[in-house]
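S.K.: Please find one structure pasted underneath; my questions will follow.
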Amino acid sequence: MISCRIALIVAVATFGGLAARAGIAQNPELPEAPGKAQTLTACTQCHGVDVLLAQRRTHDEWLEVVSRMVGNGASLTDQEYEAVVSYLSKNLARAEGPAAPVTH
């Protein structure tokens, strides 16, 4: 578990440095869409928006990730869970190909 946290810290630090060099906004925002508020409330308790924006997953992969985060302590009602998964699936989808490792 400690190695996962260290890897996450390194990934966030690396992404932040790359983003700064690439001219990506330092205060990134999630796209406006239904479910954004629930996603921000649930996910930013432990993650910055930049971490979310760096993730691109399919619907099934987002189901897995959000379920894992609930298992790690994220508090979501069934309705909020569905809203978050739907939001992430529609707004942070990835093209077909290998998925990035699940973080956290």
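The values are calculated or read from the model by the stated rules, or taken from the named source; none is laboratory data. Quantities reported herein were computed from a predicted structural model and do not represent experimental measurements. Glycine gets a Cβ as well: all are built from the backbone with ideal geometry, and neighbour counts include every protein chain shown.
S.K.: Mind checking which pairs have a first residue in segment 67-86 that is under 17 Å from Q55 (Cβ atoms) and free of Cβ contacts under 8 Å to residues at least 60 places away in the same chain and a second that is assigned to a loop (DSSP other than H, G, I, E, B) and of a type in the set (V, I, T), Cβ under 9 Å, 6 or more apart or different chains?
M.R.: R68/V102
S.K.: On the given criteria, is I24 among the β-branched types (V, I, T), farther than 21 Å from V85 by Cα and at pLDDT 55 or above?
M.R.: Working: among the β-branched types (V, I, T): yes; farther than 21 Å from V85 by Cα: yes; at pLDDT 55 or above: no.
Here the answer is no, as I24 does not meet what is asked.
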